[in-house]
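Asker: Have a look at this one.
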Amino acid sequence: MSKDSKAPSYPFASGGWGSLKSVAGILTQEKVPLKDSTILLKQNKPDGFMCVSCSWAKPADPHMFEFCESGAKATAWDTTARRMTPDFFDVHRVSSLLSWPDHDLEEAGRITAPMRYDAATDKYVEVTWEQAFAEISQELNALDPETVVFYTSGRASLETAYMYQLFVRMYGCNNLPDSSNMCHESSSVGLKEAIGVGVGTITLEDFGKTDLMFFFGQNTGTNSPRMLHQLQHARERGVPIITFNPLREPGLVSFANPQSPVQMLTPAQTRISTQYHQVKAGGDTAAMLGLCKAVIEADDQARAQGLPRVLDVEFIDTHTTGFEEFAACARATEWSEIEKISGLGRAALLEAADEYMKANAVMAHYGMGLTQHRLGVQNVRMLCNILFLRGNIGKPGAGPSPIRGHSNVQGQRTVGVTEKPELAPLDQLAKQFSFEPPRKKGMNTIEAFEAIVKGEARAVVNLGGNLVRSVPDRLQTEPAWARLRLTVSVATKLNRSHLVHGEVSYVLPCLSRIETHRTPKGDQAVSMEDSTGCMHGSRGVTEPASDKARAEPFIVAGIAKATLGQRSTIDWDAWRDDYALVRDEIAKTYPEIFHDFNARMWEPGGFHRPLPACQRQWKTQSGKAEFIVPHSLGEDPDMPEKVPDALRLMTLRSDSQFNTTIYNLGDRFRGVKGTRMVIFMNKADMEKRQLREGQQITLQTIADDGIDRRLAGLEVKAYEIPEGCIGGYYPECNVLLPLWHYAKESKVPGAKSIPVRVVAPSGSALR
Ligand SMILES: Nc1nc2c(c(=O)[nH]1)N[C@H]1C(S)=C(S)[C@@H](COP(=O)(O)OP(=O)(O)OC[C@H]3O[C@@H](n4cnc5c(=O)[nH]c(N)nc54)[C@H](O)[C@@H]3O)O[C@H]1N2
Ligand SMILES: Nc1nc2c(c(=O)[nH]1)N[C@H]1C(S)=C(S)[C@@H](COP(=O)(O)OP(=O)(O)OC[C@H]3O[C@@H](n4cnc5c(=O)[nH]c(N)nc54)[C@H](O)[C@@H]3O)O[C@H]1N2
Ligand SMILES: [Mo]
């Protein structure tokens, strides 16, 4: 089952005609005016706007259509003709909306006016911006800053994010969790320890120079589809791609380029993965150790026979620490152990290792399949171990490549949105803005929800996001959210986190970056950092969704000015109207990265931030790149070995969602129609439990904390997935994910490995 030579089970390549049809469908569904559909031509262009979907790199020489199916859907979702005006609540009371699915709430359209919850009528009612800022500031000033959480979802621009973190620190805390806490924080921690920078080291140029690519747990076809162009070009040069993924994802199997007339008119498709290994969920550390063992033992043999070395000895000696301990561990680990935990045969791993040993420059791409595990940080470090063995970092065509999520999630961290005080330039901020920033560590997302559940956190301000849906343990976290004193949500569309609200609750409508940000100082541009560390300018191209919606800098400046009053020396109004002033301050705070920011932001392809690891300078504790010895191969301390019917549940994204935003039900690539309540299961696991295709089941979390977590109404779908592993959709399955089931070092929830069993609705386990 591991090495793939069979035809894909999905009959169509990812991309292709299905992709074009799907784009046309969403433009119609959202009633995007015809003239506005040409805005797709401005997407990801040096003079246009940066897509609001994924964070994949934007090339200097873009295609005529530099967008993909997912990006087009995201654009259509924001530029929709539908509007949710305050009179929506005359028809629908807030409590009645609690039964609405996520899709329907957002489908109500763009929010048009600032609103406050009115308990007497159970409605959100329109307020003026002045009223909103005045009351929010009063509430904030009545609270202890350490009990207030300021969340950021990863879409806000560099300018907004910088203003926001500064406001929060002036207000008095470092409670700045963001979406990466549930996402690539395992990379931020793991890469920092291993190579001294918490981000990937590759850029688009490396794709032309690489000899081999690994793919661990990232679903390119739906989550970063524009990257398929780079993969396709590399494949055309004969570059092998070796994929490790429990599911056979069509986008990683083959690709028909919807923008290539030849591929669209002939059945030609590019085969993407040359080897496809269906590793068990959570089996990656074992699989990677197997690869390393093969390479190290091949080197042992070469040395014994006086043949050229397989390892990059010079790199290891000059640049790394910990190699001998790691090599000893790899040699000592039995293949049988590796095979059992990874679910892959030794022959398959040797085949992957053989390709690796032939290649001079190797990139390793990865996503949530590695990071969202109890051992997520170790997974990231193991990936570095593989690269170190043959010096695959700090040279062209090589390096680790975490594929980031939200379009500016990496950038927000770069400009100071972090709960870890040591990662923010506090001394510089103190000097630059004459205040004393708090030094105490703030709360990350998990810690914030632990505090919310305990009643210790009293308010949450949300710059985007839908936390009630995106965080684990809905049975605990959602009722706790409703007990908050204050919830403030800066948002484009209505979502469940606005309906399950605090005692005082505001929904503040913001503009998307696709829209023109018009101020008394003229139209303003914003900027963001892509997954490869390149910074880009972005100009809005459509009219604002409503004349009462405001750009995010306006909203952040409004709250900051009202809350801080005399405590801040900043001219928030000036920043609100002229974002170039904010960029000047960013450049002062981070001169190495952002010098001449206003001029450089329009460089085609973006400007790259300097990364010491690219020059083989290691800002780690030891001053070297650090190997680690994995402390456990058995992936998950929460996975009960002794429960015979235990299954590992991975929560996944469909091709028609952006996180908690559900564009449509169904999943074209995985052959699911009209529903999201599906569980993908191996046929053998179905037979063991006497389950039929399409049968409805209930899943229950296996945990001994006294909480009964269940999800009913899930339909079984037979799928090519390793035995013992099942897949379901996020966010529907979040009710099953315990809050404490996270990676120890990064606190990223273990969303790709939830221990569950199938139970009959009555509660007795099905046999
Ligand atoms: N269209 C669209 N684009 C998006 C998003 C979206 O929702 N929609 N979300 C954005 C965000 S915030 C993020 S973080 C990224 C997420 O993008 P991805 O990193 O691709 O995340 P997931 O879709 O959760 O899927 C992860 C993949 O990992 C595999 N996997 C699961 N468990 C394991 C495992 O144990 N080992 C291995 N090797 N593989 C495993 C799954 O089969 C799946 O193919 O995408 C971003 N882009
Ligand atoms: N079980 C499970 N849980 C997961 C995951 C998983 O794979 N499995 N993935 C995790 C990951 S990787 C992530 S990143 C999180 C995401 O979690 P969140 O950040 O909480 O969620 P999003 O769905 O990205 O946020 C959607 C909302 O953002 C608002 N919005 C959209 N555009 C804008 C904008 O331009 N500005 C503002 N201010 N608001 C806007 C809209 O109102 C929309 O309803 O979820 C995590 N949770
Ligand atoms: Mo993410």
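The values are calculated or read from the model by the stated rules, or taken from the named source; none is laboratory data. If you're wondering where the values come from, they're calculated on a predicted model, not measured in any experiment. Because the Cβ atoms are built from the backbone with ideal geometry, glycine has one as well, and the counts that use them run over all protein chains shown. Only protein heavy atoms, including side chains, enter the accessible area calculation; ligands, DNA and RNA are left aside. Shrake-Rupley method; radii C 1.70, N 1.55, O 1.52, S 1.80 Å.
Asker: Would you grab the residues whose amide H sits under 5 Å from the one on residue 390? Only those 5+ places off in sequence or on another chain, please, with H modelled 1.01 Å from N.
Answerer: Residues meeting the amide H criterion: 312.
Asker: Is segment 647-759 rounded, prolate or oblate when judged by the Cα gyration tensor, a ≥ b ≥ c being the square roots of its eigenvalues, rounded requiring a/c under 1.5 and prolate requiring a/b larger than b/c?
Answerer: oblate
Asker: Give me the percent relative contact order of segment 365-424, please, defined on Cα pairs under 8 angstrom at least 6 residues apart.
Answerer: Computed over segment 365-424, the figure is 29 percent.
Asker: For the pair residue 430/residue 65, report the inter-label distance in nm, with labels modelled 7 Å from Cα in the Cβ direction.
Answerer: 5.5
Asker: Also, I was wondering about something else. Starting from the amide H of residue 254, placed 1.01 Å from N in the peptide plane, find each other amide H under 5 Å away whose residue is 5 or more places distant or on another chain.
Answerer: Those qualifying (amide H under 5 Å, at least 5 residues apart or on another chain) are 14, 272.
Asker: Testing the spin-label approximation: label points 7 Å from Cα along Cα→Cβ at residue 24 and residue 760. State their distance in nm.
Answerer: 5.0
Asker: So what is the accessible area of the chain per residue, in Å², with the probe set to 1.4 Å?
Answerer: Dividing the accessible area of the chain by its residue count gives 34 Å².
Asker: Sticking with this structure for a sec: Each residue of segment 101-107 in order: what ³J(HN,Hα) in whole Hz does its phi give by Karplus 6.51 cos²θ - 1.76 cosθ + 1.60, θ = phi - 60°, with x for Gly and Pro?
Answerer: Each residue's phi maps through the Karplus curve to give x, 3, 4, 5, 4, 6, 5 Hz.
Asker: List the residues, sorted by chain then number, that are 5 or more residues from residue 364 or on another chain and whose placed amide H is less than 5 Å from its amide H.
Answerer: 214, 399, 401
Asker: Moving to a separate point now. Could you state the angle between the C-alpha long axis of helix 185-195 and the longest principal axis of the C-alpha atoms of the chain, as a value from 0 to 90 degrees rounded to the nearest 10?
Answerer: The angle comes out at about 50 degrees.
Asker: So for 754, 341, what's the accessible-area order with a 1.4 Å probe, most first?
Answerer: Largest accessible area first, the residues go 341, 754.
Asker: For segment 55-214, just say rounded, prolate or oblate: build the C-alpha gyration tensor, square-root its eigenvalues into a ≥ b ≥ c, call rounded for a/c under 1.5, and beyond that prolate if a/b exceeds b/c, oblate if not.
Answerer: oblate
Asker: Share of the chain's accessible area from carbon and sulfur, percent, 1.4 Å?
Answerer: 53
Asker: Follow-up question, since we're still on this one. Could you give me the ³J(HN,Hα) list for segment 201-218, computed from phi with Karplus coefficients 6.51, -1.76, 1.60 and θ = phi - 60°, whole Hz, x at Gly and Pro?
Answerer: 10, 8, 10, 4, 4, 5, 5, x, 10, 7, 10, 6, 10, 9, 10, 10, x, 9
Asker: Oh, and also: Under 8 Å for C-alpha pairs, at least 6 residues apart: give me the relative contact order for the chain, rounded to a whole percent.
Answerer: After rounding, I find 21 percent.
Asker: Also, I was wondering about something else. I need the trypsin sites (Lys or Arg not before Pro) found in segment 721-753, filtered to DSSP loop residues with at most 13 other beta carbons within 10 Å of theirs.
Answerer: 744
Asker: Counting pairs of alpha carbon atoms under 8 Å apart in space and at least six apart in sequence, what relative contact order in percent does segment 647-759 give?
Answerer: So the answer I get is 39 percent.
Asker: Run the dipole for the chain about the Cα centre, Lys and Arg Cβ at +1, Asp and Glu Cβ at -1, nothing else charged, and hand back the magnitude in debye, nearest 20.
Answerer: 920
Asker: Report ³J(HN,Hα) in whole Hz for each residue of segment 536-542, in order, from the Karplus equation J = 6.51 cos²θ - 1.76 cosθ + 1.60 where θ = phi - 60°; Gly and Pro get x.
Answerer: Whole-Hz 3J(HN,Hα) from phi for segment 536-542: 10, x, 8, 10, x, 10, 10.
Asker: Right, next: Give me the Å³ per residue figure for the convex hull around the C-alpha atoms of the chain.
Answerer: Cα-based convex hull of the chain, divided per residue, equals 149 Å³.
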